[in-house]
Each structure stands twice: as C-alpha cells, then as structure tokens.
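Q: Just passing along the structure, written as structure tokens.
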Amino acid sequence: MPARRSYMFTGLVVIIALTVGVLMWFTLYQQRQRLARFSIQAEGTIVAVDLTSYIVAGKGRERTDTIVVNQDEGKRRTTTHIRYRYVVGGIGIENEKLVRGDAREDYRIGASAKVCFDPAHPHEAVMIEADETCGN
C-alpha cells in the first residue's frame, strides 16, 4: 500500500507541474499574439509623467490618487504613469504606459516616444523602447 500512495503522490505532482507549464506557455503565447497585432509604428511624444506611491496593507485600506491613507504594516508600491500622444490619420490619440518603480528619470515630458499600434484599432497601442521593433 505505501508504494501505491507514493506513485499516486508522484503522479499528482507531475500532473500539477504539467498543468502549470501549459498555463505558462499559453499565457506567453497569448501575450506574443497580442503584441504581434501592434505592427504599425508611429512617433509619439511623452506628455505627462506621474508617480503613484501607495502602501499595500491589510483590510480596510483606503487609496487616494497618490497614497493609501491606512498605512498599517504593508509594503510600499510605486508606479510611474507615462502618458504619451501619437497621431494616426490626422487624429491625436493619448495612451498610458505603467512602469513599476520610480522611472521619472527615464521618461521626460516632451521627449519622443516609439509607439506601436494596431492598424484595425489605432487607439490600442504600446510604447516601446527605441531598440525594440513593432510587431514582435
């Protein structure tokens, strides 16, 4: 009997590991497919850079635009919000990129931005780094 339980446990671990692996692969595949839609490049401009800092706390936390009011035992999280504007077919479109941490030094208002957008839905876009290519 003990050997049978050991095989069952091993089988269960293998099934869980395979399931996690398939889910990870599927998530990466979906992300790559989604990014492939953004195949057209446009030149954009950074129009705003804001920082949001808050405390991840337990129950009862209240969040305002910039900081959580209830700061009892929690971790501080910081996110940089970069708003950028680009033009498609003569129409100006604004979008936002979120970056973990304080990245204000890396993104300056008025700086140029490389934007990749979906030609079928131009308002759906991503701002990418200068060395990256649209559609990949």
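Q: Select, from Tyr107, Tyr86, the only residue that is closer than 18 Å to Ala130 by Cα, modelled with pLDDT of 85 or more and part of a strand (DSSP E or B).
A: Unique residue meeting the criteria: Tyr86.
Q: If I ask for residues that are surrounded by 15 or more Cβ atoms within 10 Å (Cβ to Cβ), aliphatic (A, V, I, L, M) and over 13 Å from Ile46 (Cβ atoms), which ones from region 108-127 would you list?
A: Ala125, Val126
Q: Any idea which of Ile40, Ile67 is at pLDDT below 95 and loosely packed, with under 15 Cβ neighbours inside 10 Å?
A: Of Ile40, Ile67, the one residue that is at pLDDT below 95 and loosely packed, with under 15 Cβ neighbours inside 10 Å is Ile67.
Q: Take the residues in region 48-64 that are surrounded by 15 or more Cβ atoms within 10 Å (Cβ to Cβ) and within 21 Å of Glu105 (Cα to Cα), then tell me which one is modelled with the lowest pLDDT.
A: In this case the residue turns out to be Tyr54.
Q: For residues in region 112-126 being under 23 Å from Tyr29 (Cβ atoms) and assigned to a strand (DSSP E or B), which is nearest to the chain's Cα centre (by Cα)?
A: Filtering region 112-126 for residues that are under 23 Å from Tyr29 (Cβ atoms) and assigned to a strand (DSSP E or B), the one nearest to the chain's Cα centre (by Cα) comes out as Val126.
Q: Let me ask another. Which condition number in (1) at pLDDT below 75; (2) under 24 Å from Lys97 (Cα atoms); (3) not hydrophobic (A, V, I, L, M, F, W, C) is the one that Pro2 fails?
A: Pro2 satisfies all of (1) at pLDDT below 75; (2) under 24 Å from Lys97 (Cα atoms); (3) not hydrophobic (A, V, I, L, M, F, W, C) except (2).
Q: Further, regarding this structure: Step by step: first the residues of region 73-107, then only those that are closer than 25 Å to Ile40 by Cβ and among the basic types (Lys, Arg), then the one that is nearest to the chain's Cα centre (by Cα). Which residue is that?
A: Ranking the candidates gives Lys97 first.
The values are calculated or read from the model by the stated rules, or taken from the named source; none is laboratory data. Keep in mind that what you see is a predicted model, and the values were worked out from it rather than measured. Ideal geometry is used to build each Cβ from the backbone, glycine not excepted, and the neighbour counts take in all protein chains shown.
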